[in-house]
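Comments concern the structure below.
The values are calculated or read from the model by the stated rules, or taken from the named source; none is laboratory data. Since the model is a prediction, treat every value here as computed from it, not as a measurement. Cβ coordinates were reconstructed from backbone atoms using ideal geometry, including for glycine residues, and neighbour counts include every protein chain displayed. With ligands, DNA and RNA removed, areas are computed over all heavy atoms of the protein, side chains included. Shrake-Rupley method; radii C 1.70, N 1.55, O 1.52, S 1.80 Å.
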Amino acid sequence: MNPHTGTKPAMKAKDEAPTLDRTTFGHRLRTARKRFGWTLAELAERSGVSITTISRAERGQLALGYENFTALGRALDMDMNAMFAGAGVKPAQFDGPVVTRAGKGVVYRGLSFAYEFLGTTAAGKQMSPVLGTVHARRINGPEDFARHPGEEFAYVLSGEIDVHFDTGEVVRLARGDSLYYDSGIGHAYVSVSRQLARIVGVTIGESGHMKSAREAPPLVPATATARKPKAAKGAPPPARKSAARAKR
């Protein structure tokens, strides 16, 4: 605190959270696409993201929402950490504890969220933890709903949010509340408190066990398998043991 002005000193550049700007992200996206030798149309077909969206994102003209950048990441075989690692930081294989100091996650401003990605130096990890600030104040249309394979967890640090599902259900969460759900269901977060809400979010992709459970055929009841087959029509009845023979 400056005793003369009563103001706090400005944060030094070295103390600021690393930020992944749209231009840098777009360059990474274009480099990954070119590595496969794909056109914009080919990537659009493989990812389900429109050509226009990909083109604008590559030129740094558009911030992507979670659904789009995860879809592109899957299509391009890009680890989430490689997409959002800080400048000059190359993710290493996850083989030990990974510490992210306060305020040192990688910040990316999406369409309705400001994400601070945590643990970005660990390549191949199963979970994607983030600190999020919810900027959205309303649902504008179906395009606001995100959908991606796996499951999602959200814990409210401050403020209040409404979590809208494309089923029509809306869940209100206040500070200290949490929610766990199937992220394949369309969902969207909206801040409803005076200040923008902050949350801790964790997403995890569909594991082999989850996929197997989803695709497995229905179980046949044990009683059905235990039933004896019926005799064919016209077949002679099985011979019965005589009472005398049965006593032996």
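Scanning region 28-42 turns up no residue that is among the aromatic types (Phe, Trp, Tyr), assigned to a helix (DSSP H, G or I), touching a helix residue (DSSP H, G or I) at 6+ places or on another chain (Cβ under 7 Å) and without any contact (Cβ under 8 Å) to a residue 60 or more places away in the chain. Of all residues in region 33-49, which are among the basic types (Lys, Arg) and surrounded by 14 or more Cβ atoms within 10 Å (Cβ to Cβ)? Passing the criteria: Arg33, Arg46. Restricting attention to region 50-74 and to residues that are part of a loop (DSSP other than H, G, I, E, B) and over 17 Å from Gly184 (Cβ atoms), the residue that is most open to solvent (accessible area, probe 1.4 Å) turns out to be Arg59. Screening region 164-196 for residues that are touching a Gly at 6+ places or on another chain (Cβ under 9 Å) and β-branched (Val, Ile, Thr) and picking the one that is surrounded by the fewest Cβ atoms within 10 Å (Cβ to Cβ) gives Thr167. Candidates Asp162, Asp182, Asp144: the one that is within 21 Å of Thr53 (Cβ to Cβ) and acidic (Asp, Glu) is Asp144. Of note, Ala154 satisfies the criterion of being of a type outside the set (Asp, Glu) and in contact with a Leu (Cβ under 8 Å, 6 or more places away or on another chain).
If you take the residues in region 8-30 that are of a type in the set (Val, Ile, Thr) and open to solvent by 70 Å² or more (accessible area, probe 1.4 Å), which one is modelled with the highest pLDDT? In this case the residue turns out to be Thr23.
Among the residues making up region 119-163, those that are within 24 Å of Leu62 (Cβ to Cβ), open to solvent by less than 40 Å² (accessible area, probe 1.4 Å), outside any strand (DSSP E or B) and of a type outside the set (Phe, Trp, Tyr) are Thr120, Ala136, Gly141, His148.
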